[in-house]
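The values are calculated or read from the model by the stated rules, or taken from the named source; none is laboratory data. Since the model is a prediction, treat every value here as computed from it, not as a measurement. We place every Cβ from the backbone using ideal geometry, glycine too, and count neighbours over all the protein chains shown. The protein model used for the area step is the full one, side chains on, heavy atoms only, and it has no ligands, DNA or RNA in it. Shrake-Rupley method; radii C 1.70, N 1.55, O 1.52, S 1.80 Å.
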Amino acid sequence: MGEYLVEAKNLCKYFQVDRKRTLKAVDHVDIAIRRGETLGLVGESGCGKTTCGRTLLHLYDATSGEIYFDGKEISRLRGKELLEFKHQAQIVFQDPYSSLDPRMTISEIIAEGMDVHLKLSPKEKNERINELLLAVGLTDQFANRFAHELSGGQRQRVGIARALAVDPSFIVCDEPISALDVSIQAQIVNLLIRLQRERGLTYLFISHDLSMVKHISDRVGVMYLGSMVELASSEAIFSAPKHPYTQALISAIPVADFDGEESRKKERLEGEVPSPIDPPPGCRFAPRCRYATDICHKEMPKLEEVERGHLVACHHCLNNHS
Amino acid sequence: MDRILNVENLQVSFHTYAGEVRAVRGVSFELGRGETLAFVGESGCGKTATAKAIMRLWKPPFVEIKSDSVVEYNGEDVMKMDKKRLQSLRGNDISMIFQDPMTSLNPTMTVGKQIMEGLQLHRGLNKAQAREEAINMLRMVKIPVPEKNVDSYPHQLSGGMRQRVMIAMALACQPSILIADEPTTALDVTIQAQVLDLLQELKTQLNTAIILVTHDLGVIANFADRVQVMYAGQVVERGTTKEIFNEAKHPYTWALLNSVPALATENKQELYALKGTPPDLILPLNHCPFAARCEYCMGICREQMPEETTLSGTHKVSCWLEHPNAPKVESFYDRRKK
Ligand SMILES: Nc1ncnc2c1ncn2[C@@H]1O[C@H](COP(=O)(O)OP(=O)(O)OP(=O)(O)O)[C@@H](O)[C@H]1O
Ligand SMILES: Nc1ncnc2c1ncn2[C@@H]1O[C@H](COP(=O)(O)OP(=O)(O)O)[C@@H](O)[C@H]1O
Ligand code: SF4
Ligand code: SF4
Ligand SMILES: [Mg+2]
Ligand SMILES: [Mg+2]
């Protein structure tokens, strides 16, 4: 068994906008997720987080690059092996309101995957559904209710129960808490952490809530316009970010602590994310970067290890870090 | 405080087929010129309902603002305003920006036209002057190439730019009060920071008072002067931003402060999560609304509504723990120190 459960090399996912233009949603990304760890994925809206997660799960066909799951290349999987992969790798969606079919009961929603992947008797199936409802903090009373009768937090729990139903080893959590209230966010995050402890799950946790990502992740990857610009331990990303974009992103987090007027003054990132359609050559961040020099506009920096376990894609990162 | 808005005993009800939903249950507060007051609380606690009632944006018969509610703008009784005065109030004196700019911008009209409309109606400018002023407003909210973007349609702009157009529209007539309902919730942190900076700048320039509705405590800590914590249609605690973050007294405020992971906490530690749900607002409430979820709940809490206790000129809390005979309890701050 290798160290990594999921590994992608040179992953690209392009969308053809029209005959002439290509949108590079994920562009030459390397990603490797260890067994039992949570890899956080952050970045501004549209930078490719969801596309990356979905391509890893084979919900999108990669344009190029390789994806390994448990050591096997997934594009080569067929028949039984492919089914097994789909069973092992699950997803929890962003929007608890639209991701569940309102006409199905909760038990039907949870059982859907079980019918495909597990051969259970009706009795075993019911027991398992009740077990799952309890595991996510609901009761068996919910089994026969409809999704539209549930609150956002309850629906998100059903989404998690559905993903857990087939005993996966890997779950992509795509903004699982963004649509929820703060108090419910904390409940869902606690639940994910507990389930990981009990079942040894591996997560890719996508979110734009940076303080939650820091809390739940072992390592964090930062994406900008389809590229991975920094990857390091959660600790290092938040306390000693090295890429200029990560630094700006971290400094933009409004911290929920009040320690006087002085702490309110911060450095700001100007401008907005440019279009991922036919991006210019060179570093994608160059138009907004205050350290940019000639080379940045010409050559795309490679993601390289600058300290043990700390990878950065920047021509000048060794000169600017604080 | 140079008072621009006074609200007393505001009550708003929604008449539904299941019964009367009493969404706002006697809310009182004041707002000073140039001041930023934040409303915070769980979804459904009545923040938006309160904000819209100030401008009388609710329409009878399904929504009712109870007759003994008081809303005074600059000493003038808003509840008694006629149609014409209300229209000028909404155009000139108080304006509101909504969470989702797409639903409040007209998709079939250029952003310039939309800003110009208000300028022509409320400030009596002619077409050429209004266009000039619209371009100035777009420049002020830092829309790039305003001369060109004045002719853009909303869908041609990014989310952050649309939100800034909304702000430009809301500020076009230089209102004394801006009500911003979750103005940055749909935006990324970087764009959020830009929009908040912009609001701050405008506030200093034009001395606009701001009511900021948000559930993001980080935004409040960085932006508000005072905070009002709401629960089940009532204000349960109010104070300066410093008082609410550093000296809060209400168990619900503690729960809110506690459920955000501080950037400094240990990874993967259990986060504090409030259990249960807020009370059903159709039912009458004659005791502390937080009682069912409060870990400090005492007998009296389930029997009688706590009165508002004054702790300082700015800090007030409605909780039985402030009663002289109540036991001393371990607060959120005591626990955090451990
Ligand atoms: N099916 C598709 N067809 C065309 N373009 C797409 C498709 N899916 C995503 N994109 C584009 O790819 C880019 C990355 O999208 P993605 O949804 O992965 O970003 P994200 O980081 O998850 O953003 P958000 O935070 O808004 O969800 C965006 O520019 C998006 O518009
Ligand atoms: N149009 C409406 N009809 C019926 N009930 C409503 C309506 N709008 C809001 N409510 C109810 O009023 C309460 C307060 O709503 P609102 O002020 O929108 O909350 P918030 O803005 O704090 O999320 C909630 O219980 C909500 O369900
Ligand atoms: S490569 Fe150049 S432009 Fe890109 S982040 Fe580094 S310094 Fe900035
Ligand atoms: S009054 Fe009682 S139940 Fe209500 S918040 Fe205070 S201690 Fe808790
Ligand atoms: Mg997404
Ligand atoms: Mg609201």
In a loop (DSSP other than H, G, I, E, B), more than 30 Å from A:Ala32 (Cα to Cα) and open to solvent by less than 30 Å² (accessible area, probe 1.4 Å) - does that describe any residue in the range A:114-134? no
Yes or no: the range A:251-264 includes at least one residue that is surrounded by 19 or more Cβ atoms within 10 Å (Cβ to Cβ), of a type in the set (Gly, Ala, Ser) and modelled with pLDDT under 90. yes
Where residues in the range A:30-47 are open to solvent by less than 10 Å² (accessible area, probe 1.4 Å) and more than 12 Å from chain B (Cβ to nearest Cβ), which of them is nearest to ligand 6 (Cβ to nearest atom)? A:Leu41
Pairs, first among the small types (Gly, Ala, Ser) in the range B:182-193, second within 16 Å of ligand 6 (Cβ to nearest atom) and open to solvent by 20 Å² or more (accessible area, probe 1.4 Å), C-beta under 7 Å, six or more apart: B:Ala186/B:Gln99; B:Ala186/B:Asp100
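Could you please find all residues in the range A:56-103 being of a type in the set (Gly, Ala, Ser) and under 21 Å from A:Ala32 (Cβ atoms)?
A:Ala62, A:Ser64, A:Gly65, A:Gly71, A:Ser75, A:Ala89, listed by residue number.
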Going by the conditions given, is B:Ala255 under 19 Å from B:Gly239 (Cβ atoms), of a type in the set (A, V, I, L, M, F, W, C) and buried (at least 18 other Cβ atoms within 10 Å of the Cβ)? yes
Across the range A:65-84, what is the total count of residues that are in a loop (DSSP other than H, G, I, E, B) and exposed (fewer than 14 other Cβ atoms within 10 Å of the Cβ)? 2
Whether any residue in the range A:120-141 is at pLDDT below 90 and polar (S, T, N, Q) is what I want to check. yes
When both residues are 6+ apart or on different chains and their Cβ atoms are under 7 Å apart, which pairs have a first residue that lies in the range A:192-203 and is buried (at least 18 other Cβ atoms within 10 Å of the Cβ), and a second that is among the hydroxyl-bearing types (Ser, Thr, Tyr) and part of a loop (DSSP other than H, G, I, E, B)? A:Leu201/A:Ser169; A:Thr202/A:Ser169
Any idea how many residues of the range B:1-17 are open to solvent by 60 Å² or more (accessible area, probe 1.4 Å) and either aliphatic (A, V, I, L, M) or in contact with a helix residue (DSSP H, G or I) (Cβ under 9 Å, 6 or more places away or on another chain) (or both)? 1
Any residue that is among the small types (Gly, Ala, Ser), more than 16 Å from ligand 3 (Cβ to nearest atom) and at pLDDT 90 or above - is there at least one of those in the range A:179-201? yes
Qualifying positions in the range B:215-252 - farther than 24 Å from B:Glu201 by Cβ, assigned to a loop (DSSP other than H, G, I, E, B), within 12 Å of chain A (Cβ to nearest Cβ) and open to solvent by less than 10 Å² (accessible area, probe 1.4 Å): B:Ala248
So for the range A:212-226 (the condition being over 30 Å from A:Ala89 (Cα atoms), open to solvent by 10 Å² or more (accessible area, probe 1.4 Å), more than 16 Å from ligand 6 (Cβ to nearest atom) and not β-branched (Val, Ile, Thr)), does at least one residue qualify? no
Restricting the search to the range B:155-173, which residues are within 12 Å of chain A (Cβ to nearest Cβ), open to solvent by 20 Å² or more (accessible area, probe 1.4 Å) and over 21 Å from B:Glu132 (Cα atoms)? B:Ser158, B:Gly159
Among the numbered criteria (1) more than 19 Å from A:Thr38 (Cα to Cα); (2) in contact (Cβ under 8 Å) with a residue 12 or more places away in the chain; (3) in a helix (DSSP H, G or I); (4) away from chain B (no Cβ under 13 Å), which one does A:Ala161 miss? (1)
Has the range B:299-307 got any residue that is open to solvent by 40 Å² or more (accessible area, probe 1.4 Å), within 14 Å of chain A (Cβ to nearest Cβ) and modelled with pLDDT of 95 or more? no
